[in-house]
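Structure first, then comments.
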Amino acid sequence: MNLPQEGYMLRIIIGEDSRHEGMHFYEWIVIKAREFGIAGATVTRGMMGYGAHSRIKTTSILRLSEDLPIIIEIVDSKEILEQFLDVLDPVIQEGLVTFDKMNIRMYRHSKKSRP
């Protein structure tokens, strides 16, 4: 798959405990992105953060939180991500969604076959 040099990144920040259709919400989002044909998605677990409720969530042993921030970054063209946002909008109940223009310098994969 080729991506244009001018791409976009959709960043979604939700709580780790968020669920949808019987699975973690971040898993559902990544599976839907792949089904949608989006170029790539990455999920990162935050070590500390707070959101609209201003409750600090942390991995610190003194204040261990089970609902840490989860960041999902999805990259593709503006048009495809806008269409994907139409799928996400009705199901995101809590969280933050940003949409940023970016320059794509490389998008490569190995020629080796995968299992």
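In the stretch 29-42, the residues that are under 17 Å from Gly7 (Cβ atoms) form Cβ pairs under 7 Å with partners that are hydrophobic (A, V, I, L, M, F, W, C) and exposed (fewer than 11 other Cβ atoms within 10 Å of the Cβ), at six or more places apart or across chains, as follows: Ala39/Met1. Please go through the stretch 23-45 and pick out each residue that is of a type outside the set (D, E, K, R), farther than 14 Å from Gly95 by Cβ and touching a helix residue (DSSP H, G or I) at 6+ places or on another chain (Cβ under 9 Å). Scanning the stretch 23-45 gives Met23, Ala33, Phe36, Gly37, Ile38, Ala39, Gly40, Ala41, Thr42.
For the stretch 1-55, give me each residue that is in a loop (DSSP other than H, G, I, E, B) and either acidic (Asp, Glu) or within 12 Å of Asp67 (Cα to Cα) (or both). Result: Glu16, Asp17, Ser18, Glu21, Gly46, Met47, Tyr50, Gly51, Arg55.
For the stretch 5-24, give me each residue that is of a type outside the set (A, V, I, L, M), in contact (Cβ under 8 Å) with a residue 60 or more places away in the chain and surrounded by 11 or more Cβ atoms within 10 Å (Cβ to Cβ).
Of the residues in the stretch 5-24, the ones of a type outside the set (A, V, I, L, M) are 5-8, 11, 15-22, 24.
Within this subset, residues satisfying the condition of being in contact (Cβ under 8 Å) with a residue 60 or more places away in the chain are 5-8, 11, 15, 18, 20.
Matches in the stretch 5-24: Glu6, Gly7, Tyr8, Arg11, Gly15, Ser18, His20.
When the residues of the stretch 72-94 are filtered to those that are buried (at least 17 other Cβ atoms within 10 Å of the Cβ) and not aliphatic (A, V, I, L, M), which remaining residue is modelled with the lowest pLDDT? Only one residue fits best here, namely Asp76. The C-beta contact set for the stretch 87-114 (first residue closer than 18 Å to Ala39 by Cα, second residue at pLDDT 90 or above and hydroxyl-bearing (Ser, Thr, Tyr), distance under 6 angstrom, 6+ apart or interchain) comprises Lys101/Tyr8.
Identify the residue in the stretch 53-71 that is β-branched (Val, Ile, Thr) and at pLDDT 80 or above and, among all such residues, is surrounded by the most Cβ atoms within 10 Å (Cβ to Cβ). Selected residue: Ile70.
The values are calculated or read from the model by the stated rules, or taken from the named source; none is laboratory data. Fair warning: this is a prediction, and the values are worked out from it, not measured in the lab. Heads up, the Cβs are rebuilt from the backbone with ideal geometry, glycines too, and the neighbour counts pull from every protein chain shown.
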